[in-house]
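K.L.:
Before anything else, here's the structure in question.
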Amino acid sequence: MKRLYLLLGVSILLAVFYSCKKDDDGTYDVRPEDIVDENHVKVNDVYGITVVCPKGEWTNNYQDTLKTAARYAEFIHSNIALSLIEDTARINQEIAYPTFVNLMRFYYRPISNDDAVDFMSRYRTTAYEDLLTADFSDVTEMRDTTINGYAGKYFKATIGGSRSSYTGNRDVYLFYYNGTAYGVIVNVLDEFASEQSYAKCNEIVSTLSLK
């Protein structure tokens, strides 16, 4: 049986299988009820990136330093993983969250806007374009975008390839703000998502705030 390679192979995908316990590698959970107002879960800016989520619909997990394979070492980052609970699935005897929004703060510190754009381009090439036919069937060119007033870059990767058991889409947003490089990933798999899944992800992304 094929493994869900796409959700295991790259560090940005490790959030799919986060457990709900404190781990020795620095993973820890923040119970949503500890950080909510009456109607929402607010992901705080512990990594300089904040969004607001509807209460009771999303997991809320933090990873201080995601381990990466050598080829991704330049892109090591802290990560907040938000997974849509209604799309929870059991894959290869593991509980998985195929619909997720990852909020990333890269350790690489660009020295200028041009350097940041070069970094973003390298990230797109290494983590996505180089995996065409294996994990992705298409990766669009990077283009300008603006989310909640923050200017950034955007590209889309179509999930599906010789090593992937599933199909779907991944939106990748990259930002350079106050000397820091950030990323937001929206991942939706066709086989597990409800009709509202993608819209719910975008509602969260639209509340983005950077520090």
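K.L.:
Which order do the peptides 168-174, 78-84 take when ranked by the mean count of other beta-carbon atoms within 10 Å per residue, highest first?
P.N.:
Per-residue Cβ counts within 10 Å, averaged per peptide and sorted highest first, yield 78-84, 168-174.
K.L.:
Under 5 Å between amide hydrogens, which residues at least 5 positions from Cys53 or on another chain qualify, with H placed 1.01 Å from N in the peptide plane?
P.N.:
Val41, Lys42, Val43
K.L.:
Projecting each Cα onto the charge dipole of the stretch 76-211 (Lys/Arg +1, Asp/Glu -1 at the beta carbon, about the Cα centre), which of Phe136, Ile159, Gly179 comes out farthest on the positive side?
P.N.:
My answer, from the dipole projection, is Gly179.
K.L.:
In addition: Beyond 23 Å, how much of the Cα-Cα pair distribution for the stretch 69-167 remains, as a whole percent?
P.N.:
The calculated P(r) of the stretch 69-167 puts 37 percent of pairs beyond 23 Å.
K.L.:
Quick one: accessible area per residue over the stretch 95-203, 1.4 Å probe, rounded to a whole number of Å²?
P.N.:
Each residue of the stretch 95-203 exposes 43 Å² on average to a 1.4 Å probe.
K.L.:
What's the Kirkwood radius of the stretch 137-190 in Å, using all Cα pairs?
P.N.:
Roughly 12.1 Å, rounded to one decimal.
K.L.:
If you don't mind, there's one more thing I want to ask. Out of the GluC sites (Glu not before Pro) in the stretch 86-186, which ones are loop residues according to DSSP with at most 16 other C-beta atoms within 10 Å?
P.N.:
Glu141
The values are calculated or read from the model by the stated rules, or taken from the named source; none is laboratory data. Fair warning: this is a prediction, and the values are worked out from it, not measured in the lab. With ideal geometry, Cβ positions are generated from the backbone for all residues, glycine too; neighbour counts draw on all protein chains shown. Please note that ligands, DNA and RNA were not included when accessible areas were found on the heavy atoms of the full protein model with its side chains. Shrake-Rupley method; radii C 1.70, N 1.55, O 1.52, S 1.80 Å.
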